[in-house]
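Data first, discussion second: the structure below is written as structure tokens.
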């Protein structure tokens, strides 16, 4: 769900060329020694691939157990909040950022001649491999990145079970947001042997699926995002009485944001869990 | 009587129309049949659990706001008095937000509407105290602006402090109002408060009529003005609190409807209040149909539509009453 928040607002910003932004300073160092990551997803990839002492700081989101799969590991690093000042004072020789968040900070750092590498978020399972290799190149650990990517490809194909007859499921999170086949979440769903209701309804990437349309589509399973603390009207729609029937065991599953948000090998964990829920549904149905 | 019958038929017609409109494209006849069906198929669920509560809430909220608006205008003898404009709705929204985010709404029976009612009560009392019993236009509007701004700011603050990442986006809902994806639970939450408020205000009908002759005349005729004032305050707070707790702050209904109906119903508050209730139900149903037809996927807020109609009229009224301003 966090991904939706992060992506939603900045989607338009991607295309627009920013006249103030300075082009990235010529080259990145081949073996950076003081690396700072300021994006949840790059945090995790960097922690997996960096040599001891190479990575100085990760973002505060890496400590949030809802969105981060590597909270324990992150405690060993300094925490940044994506602000230019604190990052500049760390004297990094490489900053790794995500494409959408903290754009102003990225521009500022580049004006200060700090090399900033921007990594796009993963939109598909194939992107995970590309992101691992990119991170390996940036950190100067191509070999271990290739090994990790090979492992991921092997594990993924062992786990994947495309099934055109599988149960029909809908990803449904706050504000009625759903994801189609051309999104990371949608591909996790398909890899777990489920058919995506959003795709039937013509959503390829994602969009708002009205509650009425969801009910009329009568999916076999509804996969909700996890509850955040406190209350929001955005999540009210997930508890609407009309969806009560999907609270039965075997009819529902959870998106744990920490495994679903980022294109890291942790998506395998999401696929595994979803496959278990699917098996439970099929047992209940029989 | 002919006016009331016409308005009543309008309310019913729009209710049926509203039941047949929605993002799931279903023929009107099928959907109306499914409403009375016991099959528990998807269409029945959509009709009974999504569209029916939405239609009922539009009627409840619209009627309540129209009624409260006409009563306030009658009491203050000022056509600019309207719960949304004078800060009562935003105070109610603040009460509702505080109840939701402090856990009161989840843990106390009727915690949500009661807290919204308390917020509305504070708002009405502040406005009445600041504007004085005669409710001069300038002081009324200035008091309203101040209270709206303060309540709006505190609402934003409460939502920003919430640990929930989505809460901050809901400022728009609480300031503009929406009926999307509400359930029967919300209808049962709002309806008793709106009905109770209407009953309380209805008791003031003859007093308000007498008040059109002036305060002295009304007192000579035996009406207790402080009792009248208390009933108006409590009744308005109950209606606005109940509506705002489930639908957010919807502005301008109580302003536009009595203004349009006054030439037909006459200036007699007791009659205008009832026709304004019917007119309010019509206006809010029209607005709710408009948000679904114009931008069906965007959850356009109700307040946007009511303000587009209401704000120009409000300016017109200010222009007309400018003469009495210093």
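Would you mind getting me the FRET efficiency between residue A:111 and residue B:28? Use the beta-carbon distance for r and R0 = 60 Å, nearest 0.05.
Working: r = 61 Å, r/R0 = 1.01.
Step by step, r from the Cβ atoms, then E = 0.50.
Averaged over the residues of peptide B:155-168, the number of Cβ atoms from other protein chains lying within 10 Å of each residue's Cβ is 4.
May I ask you to give the average projected area over all directions of the convex hull of the Cα atoms of the range A:31-123, in nm² rounded to one decimal? Numbers along the way, then the final one.
On the way: hull surface 22.5 nm².
Dividing the Cα hull surface by four gives the mean projection, 5.6 nm².
Per-residue Cβ neighbour counts within 10 Å put A:141, A:31 in the sequence A:31, A:141, beginning with the fewest. For the range A:177-235, the Cα-based Rg and Dmax, in that order, read 12.0, 34 Å.
According to the Cα-based calculation, Rg over Rh for the range A:130-216 is 1.13, with Rh computed by the Kirkwood formula.
From helices alone, chain B scores -24000 deg cm²/dmol at 222 nm; the rule is -39500 (n - 2.57) for each run of n ≥ 4 DSSP H residues, then divide by the residue total.
If R0 equals 51 Å, the separation of the Cβ atoms of residue B:5 and residue A:143 corresponds to a calculated FRET efficiency of about 0.05. Computed from the Cβ-Cβ distance with R0 of 22 Å, the FRET efficiency linking residue A:85 to residue B:168 stands at 0.35. Of all DSSP beta bridges confined to the range A:132-222, the antiparallel ones make up roughly 50%.
Looking only at B:108, B:195, B:257, which one moves most when chain B is put into a Gaussian network model with springs between Cα atoms under 10 Å? For chain B, modelled as a Gaussian network with Cα springs under 10 Å, the answer is B:108. Once the Cα atoms are used to define both axes, helix B:88-102 deviates from the longest principal axis of chain B by about 50 degrees. DSSP finds beta bridges in the protein assembly as shown, and of those with both partners inside it, around 15 percent are antiparallel.
Run lengths n ≥ 4 of DSSP H only: what is the helix-derived mean residue ellipticity at 222 nm for chain A, with -39500 (n - 2.57) per run over all residues, to the nearest 500? Could the numbers behind the result be given before it?
Details: 13 runs with 117 residues, N = 286.
So the helix-based figure for chain A works out to -11500 deg cm²/dmol.
Remark: A:87, B:141, A:188, B:294 ranked as B:294, B:141, A:188, A:87, counting other beta-carbon atoms within 10 Å and listing the fewest first.
Could you give the Stokes-Einstein D for the protein assembly as shown in µm² per second, using the C-alpha Kirkwood radius, 25 °C, 0.890 mPa s?
Working: Rh = 27.0 Å.
Estimated via Stokes-Einstein, D reaches 91 µm²/s.
Summarising the label geometry, the points placed 7 Å from Cα in the beta-carbon direction at residue A:200 and residue A:218 lie 0.9 nm from one another.
In terms of overall dimensions, the range B:1-140 has a Cα radius of gyration and Dmax of 19.7, 58 angstrom.
Based only on other Cβ atoms within 10 Å, what is the fewest-to-most ordering of A:177, B:174, A:260? Kindly include the intermediate steps, with their values, before the conclusion.
Numbers: A:177 23, B:174 27, A:260 30.
Arranged by neighbour count, lowest to highest, A:177, B:174, A:260 become A:177, B:174, A:260.
Can you give the Kirkwood hydrodynamic radius of chain B from its Cα pairs, in Å with one decimal?
Details: mean 1/r = 0.0503 Å⁻¹.
Evaluated on chain B, it is 19.9 Å.
In chain B, the longest principal axis of the Cα atoms and the axis of helix B:2-19 are about 30 degrees apart.
Potential lengthening of the chain between residue B:149 and residue B:293 amounts to 48.7 nm, from the contour at 0.36 nm per residue minus the alpha-carbon distance. Over the range B:169-247, Cα pairs under 8 Å with separation of 6+ residues give a relative contact order of 50 percent. Here the contact order of the range B:203-273, divided by its residue count and restricted to Cα pairs under 8 Å and six or more residues apart, works out to 36 percent.
Looking at the calculated P(r) for chain A, what percent of the C-alpha pair distances fall above 34 Å? More than 34 Å apart: 24 percent of the Cα pairs in chain A.
Distance distribution P(r), the range A:234-286, all Cα-Cα pairs, bin width 5 angstrom from 0: 4, 18, 20, 19, 20, 15, 4, 0 percent. When the Gaussian network model of chain B links Cα atoms closer than 10 Å, the mean-square fluctuations of B:40, B:15, B:193 top out at B:40. For chain B, the longest principal axis of the C-alpha atoms and the axis of helix B:225-247 are separated by about 20°. Every Cα-Cα pair of the range B:161-294 was included, and the share exceeding 22 Å stands at 48 percent. Take every Cα pair under 8 Å whose residues are at least 6 apart in sequence, average their separation, divide by the length of chain A, and the relative contact order is 18 percent. For the range A:176-286, pairs of C-alpha atoms spaced more than 24 angstrom apart make up 21 percent of the total.
Bear in mind that the values in this text are calculations on the coordinates, not laboratory data. The structure displayed is predicted, hence computed values, not measured ones. Quick reminder, even Gly has a Cβ in these numbers, built from the backbone with ideal geometry, and neighbours come from all protein chains shown.
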